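A short worksheet on the structure shown next.
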Amino acid sequence: MPDPDHYITLDIEYNASDEEIKQAFRRLVKKYHPDKNPGSEKEAEKQFKLIINAYRTLSNPESKNKYDVKLMSRQKKYDFLKKRRDNLQNRGKKDKAYLCQLILFELTHQNPQKAIEIYDKLVSESSHFSLDKYISDSDIRDCEFLLGEAYHKKGKLWEAARFYEKVLEREEKKAYFRGFTQEIKVMLKDVYIQFIVGAKTPEEITVNIKKLLTLGLSRNDIAQAYKKAAEAYYKLNDLNDAEKALENAFQLKPKLTGAKKIMKNLGVNLLI
């Protein structure tokens with residue numbers, strides 16, 4: 001969340017005089033004092049603190065000068081980013097390469113929703129669209145991983161898995177970033193387990209268990225995945241596969257926790 005603009009807080013111009021700053025402060029502290037706002041004390045107190053902080057900064061020449069320099073720097077950065085975004089958007093009307101650059105730009109500047117919108121539009125216009133044609137090999141890994149994260153957070157797991165898998169394949173062929181492979185595997189583990197939990201058929205569970213096993217996870221992680229698989233098989237009334245999955249879990253981790261309910265449901269006792 002960006003820092004509050006003290007000038008906006010006090011409702012004054014950026015070239016306000018010392019007297020104007022003081023008058024604005026006096027007017028606003030009266031307006032937002034908690035005692036003057038029964039029923040809205042918390043909101044008033046929050047604004048009251050912002051007003052006091054703004055006045056303390058702007059009423060002191062030294063702190064005001066430092067704040068103005070910081071504010072100018074922030075504005076320059078904002079103007080630069082806006083100019084860069086607008087430039088990529090305009091060029092992207094004629095060349096998709098610039099739209100692909102814009103996707104990465106939005107992803108790296110905390111605007112994943114916009115990145116997804118651009119990517120989805122490109123795919124809708126051409127079913128054969130691929131970022132590979134327009135972005136360098138190193139940049140595409142960042143772009144695909146960040147797109148995977150963006151879709152993951154939105155709950156679009158199939159899209160997330162597709163991007164994570166592509167980046168993992170690239171990294172295993174030729175690693176660009178130290179430790180990146182492990183980070184991708186952690187994300188994929190979460191997606192595959194969600195696929196298992198929400199599976200509609202036993203085959204979906206089996207497929208995603210097999211995918212999990214290719215990630216080189218710890219015995220504990222695999223045991224927990226098998227436990228989730230046992231619960232998912234049980235929900236689909238596939239009792240035979242549920243029991244096999246639970247047996248695999250306990251073979252990997254004899255002191256597996258959190259399995260009492262599924263053990264009771266299956267009528268088995270695998271605790272060692």
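The values are calculated or read from the model by the stated rules, or taken from the named source; none is laboratory data. What you see is a predicted model; the values in this text were computed from it and never measured. Note that each Cβ is placed from the backbone with ideal geometry, even for glycine, and that neighbours are counted across all protein chains shown.
Quick notes
- Checked across the stretch 157-169, the condition of being of a type in the set (Gly, Ala, Ser) and at pLDDT below 95 holds for no residue.
- When residues in the stretch 34-65 are screened for being closer than 26 Å to residue 14 by Cβ and more than 33 Å from the chain's Cα centre (by Cα), 12 of them pass.
- Residue ID - farthest from residue 21 (Cα to Cα), chosen from residues in the stretch 36-77 that are without any contact (Cβ under 8 Å) to a residue 24 or more places away in the chain and among the hydroxyl-bearing types (Ser, Thr, Tyr): 40
- Scope the stretch 32-45; condition charged (D, E, K, R) and exposed (fewer than 13 other Cβ atoms within 10 Å of the Cβ); matching residues: 35, 42, 43
- Wholly within the stretch 202-272, helices (runs of 4 or more DSSP H) carrying at least 2 residues that are at pLDDT 95 or above and either surrounded by fewer than 19 Cβ atoms within 10 Å (Cβ to Cβ) or not aromatic (Phe, Trp, Tyr) (or both): 202-213, 219-235, 239-252
Rundown of residues vs (1) surrounded by fewer than 19 Cβ atoms within 10 Å (Cβ to Cβ); (2) of a type in the set (Gly, Ala, Ser); (3) closer than 11 Å to residue 104 by Cβ, yes/no style:
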site	(1), (2), (3)
134	no, no, yes
157	yes, no, no
165	yes, no, no
170	no, no, no
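- In the set 178, 170, 162, only one residue is out of contact with any strand residue (DSSP E or B) (no Cβ under 8 Å at 6 or more places or on another chain), on the phi < 0 side of the Ramachandran plot, touching a residue at least 24 places away in the same chain (Cβ under 8 Å) and not β-branched (Val, Ile, Thr); that residue is 170.
- For residue 23: the one exception among (1) in a helix (DSSP H, G or I); (2) touching a helix residue (DSSP H, G or I) at 6+ places or on another chain (Cβ under 7 Å): (2)
- Checking each residue in the stretch 69-100 for being touching a helix residue (DSSP H, G or I) at 6+ places or on another chain (Cβ under 9 Å) and either aromatic (Phe, Trp, Tyr) or within 30 Å of residue 31 (Cβ to Cβ) (or both) picks out 71, 98.
- Residue within the stretch 184-204 that is of a type in the set (D, E, K, R), within 30 Å of residue 251 (Cα to Cα) and touching a Lys or Arg at 6+ places or on another chain (Cβ under 7 Å) present: no
- Pair list, Cβ under 8 Å, 6 or more apart: the stretch 81-92 residue closer than 14 Å to residue 107 by Cβ, other residue among the acidic types (Asp, Glu): 85/106
- Residues of the stretch 86-127 that are under 20 Å from residue 149 (Cβ atoms), exposed (fewer than 14 other Cβ atoms within 10 Å of the Cβ) and among the basic types (Lys, Arg): 121 alone.
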